[in-house]
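S.K.: Take this structure, written in C-alpha cells, and hold onto it; I'll ask about it next.
The values are calculated or read from the model by the stated rules, or taken from the named source; none is laboratory data. Computed from a predicted model, the values in this text were never measured in an experiment. A quick note on method: Cβ atoms are made from the backbone with ideal geometry, for glycine too, and the neighbour counts reach across all protein chains shown.
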Amino acid sequence: MKRVCLVVAPFVIALAALAPWRRSAGPATTGLVIVTLDTTRADCLPAYGSRAVETPALDSLAATGVVFDSATTVAPLTLPAHATLMTGLYPVHHGARENDQSLAAGATTLASVLRGDGFRTAASVGSMILLADRGIGRGFDTYRDDMGRSSEGLRARRPGNEVVDDAIGWLNTVTSERFFLWVHLYDAHQPYHPSEPFASRYPGMPYLAEIAFADAQIGRLVRALEARGLARRTAVIVAADHGEAMGDHGEEAHGLFVYDSVLHVPLIVRVPGIAARRVADRVSLVDVMPTALELLGLPPRAIDGVSLRGPLTGGHLGARTLYAESMYPLRFGWSALRSARDARFKFIDAPRPELYDTDADPGERRNLVEARPAVARALAATLAVAPTRAAESPLDDAARARLASLGYVSGTTSTQAPRPPVAPDPKDHVNEYNEKMRRSACHPACKEQR
C-alpha cells in the first residue's frame, strides 16, 4: 500500500494546546466510554498532524481533551492489544499473544472490576477477533458481538454504523447509574469497503475513507452522550489498537514488525474538569486500565500499567521502559520480535538486533546497535523475563477460515510451527509475508479493491 497520510509539523495543528488551561472540580466522573479504532495510524489523523483526511469528531475531542503524542501499543494485532488495554497487563501476562488465542483464566478485565463495584457494563465490537468467548468479554453485562450473516455465511466483521447503533441503543437505557461502554470500530482494517459519501470524498484512498467513516460514527456516539445529558459526567477515551505499516520497512499491512509505523497509536482522553493539553511522555495502552480506575475513583490494582492521572493534570511520569512484541512470525518458522523502549531509545530483539534513537530518527532508519552497545545491552536485559512462545489456538476450522478472511494466515499455530535451531529474521522474509497476507485476504469482496 502506498502511504497516503501527509503530516505537517505538530505545532501547525496542535489543537489541544491552543485551548486555555483550566482546572475545576466539575461533576464527578461516573461514566466511562472507551472507543477503540482498529488499524489506525496516529500520523493519519489531523490531531497528530495529518492534512489528508477530515475527522471533525476526533478533532473536537482533541481540542477539549488531552492528546498523548507518544502513545504506543504492545502488539500489532487486534486481540493482544485490546487484551492489554482491558487488563493493564502485557501480553506475556494476559496470555492472548495472537489473534487466535484467548485471555488467560486469571486475567481480570476492566469490565469485571467495574461491574464488581456496581457499574453497568456494555460492549459493541466490529470483528470476530473480539468475540466474547475469547475472554475479552469478561465482566460485560451486555456484549454485542454478533457479526450477522451475508450470502456467503457468517460474517467476520460488521461496519461501524451497526456497532454504534447497538451502543446508542444501550445508552438509551442508562439513567443516573454509573456505567462503562466500550465501542470497537474495525472499519480501517483491510479489506476495505468504504461507504458513501466517504468513498467519493477520498477516491483511490479507501483507508482514509474508512477513517473518515469511523470518525462519523464517533460523532454519532458523542452526540448521543450529549443528548442524554451523560457527557458532563463521562470520561471518553479514544485509542487505536495498532497502526498500519503502509510500506514502511517493506511491510504492507501489519502483524510482522514492531516498528513505530504499527506501534505508535493515537490516545485521546477527555475528562470533565480536566483541561485540554498535549502530553509528550511516552505511554502505552497498558496504562489505560489503571487510568480509568483512578478517574472513576476506584483503587489501583497490581498490574503492569500505571495511571496517567498525573500527565492528564500537568504532571509527568518517571523513567520507565515500555514493552511490545510480535509473536506472529513464529507461525511461519521465523523469529518472534520483541522491543523495549525508554524515553529516547528503542531496542528490537531480533536475530539481527536493532537500536534506534526515536527522537532523532523517528522513522527508525539508522540502526545504532554497534554505535551504542551499552544502551542496547541495557534495554535487551529488560526483555529477559518475556518468553517468546505463545499459547495454543482454541479456534475450530470454521473460525480459522473467518479469521483468514480478515487477512490473517491461520494455518499452523505458533507453538506448532517448525523452527530451525536459529530462527530466520523476519526482515529477510517481508516480501514473502506480504504475499501470504495478500493471498489470505483475497476473497471476492477483497478482489474488487485490488
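S.K.: Checking E54 against (1) in contact with a Gly (Cβ under 9 Å, 6 or more places away or on another chain); (2) closer than 22 Å to F213 by Cβ, which single condition isn't satisfied?
M.R.: (1)
Yes or no, residue by residue, for (1) touching a Ser or Thr at 6+ places or on another chain (Cβ under 7 Å); (2) modelled with pLDDT of 95 or more:
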| position | (1), (2) |
| --- | --- |
| R366 | no, yes |
| T382 | yes, no |
| S393 | yes, no |
| A398 | no, no |
| L403 | yes, no |
| Q416 | no, no |
| H429 | no, no |
| E432 | no, no |
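S.K.: Taking region 344-383 on its own, how many of its residues are touching a residue at least 24 places away in the same chain (Cβ under 8 Å), within 22 Å of V283 (Cα to Cα) and assigned to a loop (DSSP other than H, G, I, E, B)?
M.R.: 6
S.K.: What are the residues in region 285-305 that are under 22 Å from L77 (Cβ atoms) and of a type in the set (D, E), if any?
M.R.: Across region 285-305, the qualifying residues are D287, D304.
S.K.: Conditions first: (1) part of a loop (DSSP other than H, G, I, E, B); (2) touching a Pro at 6+ places or on another chain (Cβ under 7 Å). D281 passes all but one, so which condition is the exception?
M.R.: (1)
S.K.: So, in region 188-240, exactly how many residues are in contact with a strand residue (DSSP E or B) (Cβ under 8 Å, 6 or more places away or on another chain) and within 30 Å of G297 (Cβ to Cβ)?
M.R.: The qualifying residues number 14.
S.K.: Taking region 202-247 on its own, how many of its residues are charged (D, E, K, R), surrounded by fewer than 20 Cβ atoms within 10 Å (Cβ to Cβ) and not in a loop (DSSP other than H, G, I, E, B)?
M.R.: 5
S.K.: Anything in region 91-110 that is surrounded by fewer than 24 Cβ atoms within 10 Å (Cβ to Cβ) and either in a helix (DSSP H, G or I) or among the small types (G, A, S) (or both)? List them, or say none.
M.R.: If the condition is that a residue be surrounded by fewer than 24 Cβ atoms within 10 Å (Cβ to Cβ) and either in a helix (DSSP H, G or I) or among the small types (G, A, S) (or both), then V92, H93, G95, S102, A104, A105, G106, A107 are the ones that fit.
S.K.: Follow-up question, since we're still on this one. As an exercise: evaluate V183 against (1) in contact with a strand residue (DSSP E or B) (Cβ under 6 Å, 6 or more places away or on another chain); (2) in a loop (DSSP other than H, G, I, E, B); (3) surrounded by 14 or more Cβ atoms within 10 Å (Cβ to Cβ); (4) not polar (S, T, N, Q) and give the number of the one condition it does not meet.
M.R.: It fails just one condition, (2).
S.K.: Give the residues of region 315-331 that are crowded, with 22+ Cβ neighbours inside 10 Å and either within 21 Å of S70 (Cα to Cα) or of a type in the set (F, W, Y) (or both), sorted by residue number.
M.R.: Result: L322, Y323, A324, E325, S326, Y328.
S.K.: Follow-up. Any idea which residue in region 51-72 is nearest to A240 (Cα to Cα), counting only those that are buried (at least 22 other Cβ atoms within 10 Å of the Cβ) and in contact with an Asp or Glu (Cβ under 6 Å, 6 or more places away or on another chain)?
M.R.: Looking at residues that are buried (at least 22 other Cβ atoms within 10 Å of the Cβ) and in contact with an Asp or Glu (Cβ under 6 Å, 6 or more places away or on another chain), I get L58.
S.K.: Only one of these conditions is not met by S195: (1) closer than 30 Å to R331 by Cβ; (2) without any contact (Cβ under 8 Å) to a residue 40 or more places away in the chain; (3) of a type in the set (S, T, Y). Which number is it?
M.R.: (1)
S.K.: Another one. Have a look at A336, A292, A280 and point out the one that is in contact (Cβ under 8 Å) with a residue 40 or more places away in the chain and not assigned by TED's automatic domain parsing to the domain that holds L79.
M.R.: A336
S.K.: Does G160 fit the bill of being surrounded by 17 or more Cβ atoms within 10 Å (Cβ to Cβ), under 30 Å from L295 (Cα atoms) and either out of contact with any His (no Cβ under 8 Å at 6 or more places or on another chain) or of a type in the set (A, V, I, L, M, F, W, C) (or both)?
M.R.: yes
S.K.: Let me ask another. Identify all residues within region 316-358 that are farther than 30 Å from D425 by Cβ and touching a strand residue (DSSP E or B) at 6+ places or on another chain (Cβ under 9 Å); write none if there are none.
M.R.: Once the filter is applied, which keeps residues that are farther than 30 Å from D425 by Cβ and touching a strand residue (DSSP E or B) at 6+ places or on another chain (Cβ under 9 Å), region 316-358 yields H316, L317.
S.K.: Which residues, taken from region 284-308, are part of a helix (DSSP H, G or I) and either of a type in the set (A, V, I, L, M) or out of contact with any strand residue (DSSP E or B) (no Cβ under 9 Å at 6 or more places or on another chain) (or both)?
M.R.: Across region 284-308, the qualifying residues are L285, V286, V288, M289, P290, A292, L293, E294, L295.
S.K.: Checking L89 against (1) closer than 28 Å to V222 by Cα; (2) at pLDDT 95 or above, which single condition isn't satisfied?
M.R.: Of the numbered conditions (1) closer than 28 Å to V222 by Cα; (2) at pLDDT 95 or above, the odd one out for L89 is (1).
S.K.: Given the structure, is D38 modelled with pLDDT of 85 or more and over 28 Å from L114 (Cα atoms)?
M.R.: So D38 does not fit the description; no.
S.K.: For region 321-343, name all the residues that are outside any loop (DSSP other than H, G, I, E, B) and of a type in the set (S, T, Y).
M.R.: Once the filter is applied, which keeps residues that are outside any loop (DSSP other than H, G, I, E, B) and of a type in the set (S, T, Y), region 321-343 yields Y323, S326, Y328, S339.
S.K.: How do the pairs read when you match residues in region 90-101 that are closer than 19 Å to T382 by Cα with residues anywhere that are of a type in the set (F, W, Y) and modelled with pLDDT of 95 or more, using Cβ under 6 Å and keeping only pairs 6 or more apart or on different chains?
M.R.: Every condition considered, the pairs that remain are Y90/Y323.
S.K.: Which residue is surrounded by the most Cβ atoms within 10 Å (Cβ to Cβ), if the candidates are limited to region 294-314 and must be out of contact with any Pro (no Cβ under 8 Å at 6 or more places or on another chain) and closer than 22 Å to R97 by Cα?
M.R.: Looking at the filtered set, the residue picked out is D304.
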